[in-house]
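Trainee: Have a look at the structure that comes next, please.
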Amino acid sequence: MSGSNVSSRVIDILSGIVPLMKLISLTVIGLLLAHPKTQLVPRATFRLLSKLVFALFLPCLIFTELGESITLDNIVRWWFIPVNVLLSTVIGSFIGYLVVLVCRPPPEFTRVTIVMTAFGNTGNLLLAIVSSVCHSKNNPFGPGCHSRGVSYVSFAQWVAVILVYTVVYHMMEPPLEYYEVVEGEGEIEEINVGSNDVSRPLLVEAEWPGIEEKETEHCKTPFIARVFNSISSSYSQTSFPEVVDFMGVTGGESSSPRSLQCLAEPRVIRRMRVVAEQTPVKHILQPPTIASLLAIVVGSVPQLKKIVFGYEAPLSFITDSLNIMASAMVPSVMLVLGGMLSEGPRESTLGLRTTIGITVARLLVLPLVGIGIVMSADKLGLISQDPMFKFVLLLQYSTPSAILLGAIASLRGYAVREASALLFWQHVFALLSLTFYIIIFFKLTVDNVQGIP
């Protein structure tokens, strides 16, 4: 009896270790190919590979798997997936604030501490883990494991993308109180906190290729903070004439007739309008997001679904072709991750205590909170009884910080080196934490359950 218990425990441990060992093997290959001492593959090749993942492989995977699985009924039944992303972000923000109180990072990095704790990788890494877990006939989630898992992960991506390009974009704005403007001989030199004064690391483009083309006039300035602080001093008028014009402090409003002043836009509304105009909403419609939306539309309309998906569908040859390209997503992602890790950690002024605090909070504390939330939702009957559904919800709390945060940091010119160092160390230690938690997640979700019919 004891022997069977021991063998059962060994099987449980191996079931959590083997999927990650597959991913680690791919990552090590990428690391060896890109390592500076070997340079078997140049960095430019990895940048090109990341672009292919972003623009081709990932959209193909999302469209083929989500489109085939999604229905109007599933959209209603899966409502907790996007809600779970929001919950993990809110709770992660609170834990990040506690990290700030306990670890006391430099004041200029308070916001980056909260952001790096709150926003996890709910995209590529989650898809890779699910694909690796399901890449065996005796996987614990039964038939259709891969299709269901990828569909659940893909259904959450649009929420995460919206949060990154709205909330994170503005939270990663250079802090106004630590942003210097030095005037001299009629020119203004702007000095950004933690600006990108080093060569752009690979991680910056790992999930947002061509980021240098997305820079705008004020993306590396505390533009929004100045709007809300209603700065009207001489230097701000010189630096940001648009702000002054938006806020109506150039004299145009004072010289206007009283009747026009009554009809004028309220100051608070104008501030909100400026914030909205400076939010890169257009970047939300990236290829993976477009693929998610198309999959939801096509999958929700039975007439369209019959044309695109299924062995007898007229356009099945197209979906088969997309499926072939989608199979390259996971190995490509892990090779790019290996190339990213080969660059090593960047120098950071965040401090060792804060770096450890963020890593522990993100990889150890937040998953425990996630277990409590998901298991409570399960007992209340709020979520699907599919073990894979619960497994994906739990994974959303346990991944390292989103690599896309490094791209946002570079775009805003704020804490680039700090974000790079945090991402490096989190992905290194995530190998251990994910192994531990995947074993626990298996016990919580598939214990005595072998998939669903």
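Trainee: Look through the range 372-383, keep the residues that are in a helix (DSSP H, G or I) and either open to solvent by 10 Å² or more (accessible area, probe 1.4 Å) or among the basic types (Lys, Arg) (or both), and return whichever of them is farthest from Ala430 (Cα to Cα).
Mentor: Residue satisfying both the conditions and the ranking: Lys379.
Trainee: Next up: Which residue is nearest to Ser154 (Cα to Cα), if the candidates are limited to the range 384-433 and must be open to solvent by 10 Å² or more (accessible area, probe 1.4 Å) and among the β-branched types (Val, Ile, Thr)?
Mentor: Ile403
Trainee: Since Thr122 meets every condition but one in (1) within 20 Å of the chain's Cα centre (by Cα); (2) at pLDDT below 80; (3) not in a helix (DSSP H, G or I), which condition does it not meet?
Mentor: Of the numbered conditions (1) within 20 Å of the chain's Cα centre (by Cα); (2) at pLDDT below 80; (3) not in a helix (DSSP H, G or I), the odd one out for Thr122 is (2).
Trainee: Please verify whether the range 385-393 includes one or more residues that are under 22 Å from Tyr97 (Cα atoms) and touching a residue at least 24 places away in the same chain (Cβ under 8 Å).
Mentor: no
Trainee: Does Gly30 count as crowded, with 24+ Cβ neighbours inside 10 Å and more than 26 Å from Leu394 (Cα to Cα)?
Mentor: It is true that Gly30 is crowded, with 24+ Cβ neighbours inside 10 Å and more than 26 Å from Leu394 (Cα to Cα).
Trainee: Among the residues of the range 303-340, which ones are in a helix (DSSP H, G or I), without any contact (Cβ under 8 Å) to a residue 60 or more places away in the chain and either farther than 18 Å from Phe57 by Cα or not aliphatic (A, V, I, L, M) (or both)?
Mentor: Gln303, Leu304, Lys306, Ile307, Ser316, Phe317, Asp320, Ser321
Trainee: Further question on the same structure: Being farther than 28 Å from Ile284 by Cβ and at pLDDT below 80 is true for just one of Ile24, Ile29, Ile11. Which residue is that?
Mentor: None of the others qualify; the one that does is Ile11.
The values are calculated or read from the model by the stated rules, or taken from the named source; none is laboratory data. Keep in mind that this is a model prediction, so the values were computed, not measured. Cβ sites come from the backbone with ideal geometry, for glycine too, and all protein chains shown count toward neighbours. Side chains included, ligands, DNA and RNA excluded: accessible areas come from the protein's heavy atoms. Shrake-Rupley method; radii C 1.70, N 1.55, O 1.52, S 1.80 Å.
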